[in-house]
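Input: a single structure, listed below in structure tokens.
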Amino acid sequence: MRTLYEQHGGALLGYAMRITGDRAAAEDVLQETLLRAWRHAGKLSESSGSIRGWLFTVARNVMTDAARARSVRPQEVAESPVTVPTQRDHADTVVDSVVALDALRKLPGEQRDVLVEIYFGGRSVAETAEKLGIPPGTVKSRTHHAMKNLRRLLSRPAILEEVAG
């Protein structure tokens, strides 16, 4: 291996640098090429063909494989002021939404209707009262009881709710 490296390492590294344009990537190609030569040491001999030609073919194949692998993987993006890292996994938000909607479904219909109009519809008490055809005081009362029930539903673990239910 030492002899291979001494005889061909510089030429292989130069070849890989011209193709990749990156010293670190070229060194990786050289290392992988020599590793493959090590694995196939029994087959390498001048009588079976040019060792140098075999090494350059292997180096070319290593670079081709790396280019193909990069083309099917998403490009890595370094953190910078422009690319802000993800602050929180959106899975938590999805779970929170599912839990909240499940609790909302368990409310009596009158309470749920008031909350949907006020919180999801963005309507005022007066607008909600007009839309639902009930007095504003009733909207306030139903909102109060709905929020109280939601707090109760969300504070108890789901398994206890199913056992108690």
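The values are calculated or read from the model by the stated rules, or taken from the named source; none is laboratory data. What you see is a predicted model; the values in this text were computed from it and never measured. Here the Cβ positions follow ideal geometry from the backbone for every residue, glycine too, while neighbour counts run over all protein chains shown.
Computed quantities for the displayed model
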item	result
Candidates Thr3, Thr33, filtered to the one that is farther than 30 Å from Leu115 by Cβ and at pLDDT 90 or above	Thr33
Subset of region 104-119 [part of a loop (DSSP other than H, G, I, E, B) and buried (at least 19 other Cβ atoms within 10 Å of the Cβ)]	Leu107
Some residue of region 38-49 being surrounded by 15 or more Cβ atoms within 10 Å (Cβ to Cβ) and assigned to a helix (DSSP H, G or I)	no
Checking Gly122 against (1) small (Gly, Ala, Ser); (2) surrounded by 13 or more Cβ atoms within 10 Å (Cβ to Cβ); (3) outside any helix (DSSP H, G or I), the condition it does not meet	(2)
